[in-house]
Amino acid sequence: MIRKLFPLICWILTHVSLAQNDHKEVMAVQGDGIYSLLRNSGLDPKKYLVPFIELNKENLSSENGLFIGRIYKLPNANEKVEKADEEVVVPDSIDVRTVKATEVLEKRHYDIFGKDYNTVLVESRQLEGAVFYLISGHGGPDPGAVEHYNGTLITEDEYAYDVTLRLARKLISNGALVYLITRDANDGIRDESILPVDHDERTYPDRKIPRSQVQRLRQRVTAANELYDKYSYKPYQRIIETHVDSRSKGENIDVFFYYHENSKYGKRLADNLQNTFKEKYARYQPNRKYYGTIEPRSSLYSLKYSKAPAVYVEIGNLKNSRDQRRILDWENRDAIAKWIADGVIKDYKEGK
């Protein structure tokens, strides 16, 4: 009897509420997240996420998750929204559908993230005191792995850089000091599937990337080491270098990690990153086992010569069709960055 009355009860609740507050309401169903709920209701998630959370904060989980069967208020599309200052992005793929509920402590502006993402909301101080040097693999004259997707050239450096930017933004939002060692002044975070190829990346602070591979590697590690010395009083400094692997087309790989065999803290960070990915897969993809590995790889230049503990991240195989779907979808790139950031937060707390 209750099951039969449930739709009627929901209809009554919805229409009574509409009469009281003029907000349309919808019921969350299996698979809904805030991002998809807004999008399916005809509202721009980037514009209306914060108003949605404000309207429904008493009816969300501790991580701003939706509860199946509950009724949620929708922001009014005709209400004025301070889009530039209130814009927040929530990944809604790899089954990630929540954003951490925290008070906004500060708003910062970074042109490097592009016009749609240049406002960063500092939502916590979980990483306060930590310094990160983020290296996006290849760049400049070296595109890294290359492949054609539906007749269009796609390259490793563009996708590694997009994930790196997203990671930087998430680390900053948790109070960290972040340096982008590989930089592109006019790319920014991009939500397109096909990221146009260019060769104008630079090395921090504004150095032309040389053609010689050894010189390129030396240049970026030298930049990170110089900053490491500058912040020698900071006990927690880490390097994270992001790449997209290139293997046979038939080889599907999960995100995996390298560290230097003599780096105690590099290994600990790699362990925490791997464990975080295992936890996320168990939660969001319980029917798919996570196979990402961690390995010592002491011959890699950035791991061998970096003063700060470093981890080398491979986010997928550019040539594999299944990995391409993961890498080309911006929401997946955002989720990968979020999971890396979550693993970093875990490592930082462990080290305090």
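The values are calculated or read from the model by the stated rules, or taken from the named source; none is laboratory data. On a predicted model such as this, the values are computed, not experimentally measured, just so you know. Heads up, the Cβs are rebuilt from the backbone with ideal geometry, glycines too, and the neighbour counts pull from every protein chain shown. Side chains included, ligands, DNA and RNA excluded: accessible areas come from the protein's heavy atoms. Shrake-Rupley method; radii C 1.70, N 1.55, O 1.52, S 1.80 Å.
Structure values in brief
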read-out: Long-range neighbours under 6 Å by Cβ, at least six apart or interchain, first residue exposed (fewer than 12 other Cβ atoms within 10 Å of the Cβ) within the range 288-302, second not charged (D, E, K, R); value: Glu295/Tyr258
read-out: Single unsatisfied condition, Ser212 versus (1) surrounded by fewer than 22 Cβ atoms within 10 Å (Cβ to Cβ); (2) among the hydroxyl-bearing types (Ser, Thr, Tyr); (3) in contact with an Asp or Glu (Cβ under 8 Å, 6 or more places away or on another chain); value: (3)
read-out: Single match in Ile253, Ile336, Ile240, Ile327 (criterion: surrounded by fewer than 20 Cβ atoms within 10 Å (Cβ to Cβ) and touching a strand residue (DSSP E or B) at 6+ places or on another chain (Cβ under 6 Å)); value: Ile253
read-out: Candidate set from the range 1-49 (those that are among the hydrophobic types (A, V, I, L, M, F, W, C) and not in a helix (DSSP H, G or I)); member that is modelled with the lowest pLDDT; value: Met1
read-out: Test for Ile253: is it part of a loop (DSSP other than H, G, I, E, B) and under 24 Å from the mean Cα position of the chain (by Cα); value: yes
read-out: Test: residue in the range 71-93 that is open to solvent by 50 Å² or more (accessible area, probe 1.4 Å), modelled with pLDDT of 90 or more, under 18 Å from Ile172 (Cβ atoms) and basic (Lys, Arg); value: no
read-out: Condition met for Leu227 (in a helix (DSSP H, G or I) and buried (at least 24 other Cβ atoms within 10 Å of the Cβ)); value: no
read-out: Residue list for the range 304-324, filter: crowded, with 21+ Cβ neighbours inside 10 Å and either among the acidic types (Asp, Glu) or without any contact (Cβ under 8 Å) to a residue 60 or more places away in the chain (or both); value: Glu314, Asp323
read-out: Meets criteria (under 23 Å from Lys304 (Cβ atoms), buried (at least 16 other Cβ atoms within 10 Å of the Cβ), within 21 Å of the chain's Cα centre (by Cα) and of a type outside the set (S, T, N, Q)) for Ile172; value: no
read-out: Some residue of the range 206-213 being in contact with a strand residue (DSSP E or B) (Cβ under 9 Å, 6 or more places away or on another chain), without any contact (Cβ under 8 Å) to a residue 40 or more places away in the chain, closer than 30 Å to Lys107 by Cα and not in a helix (DSSP H, G or I); value: yes
read-out: Output for the range 181-193, where each listed residue is open to solvent by 10 Å² or more (accessible area, probe 1.4 Å) and in contact (Cβ under 8 Å) with a residue 60 or more places away in the chain; value: Arg183, Ala185, Asp187, Ile189, Arg190, Asp191, Glu192, Ser193
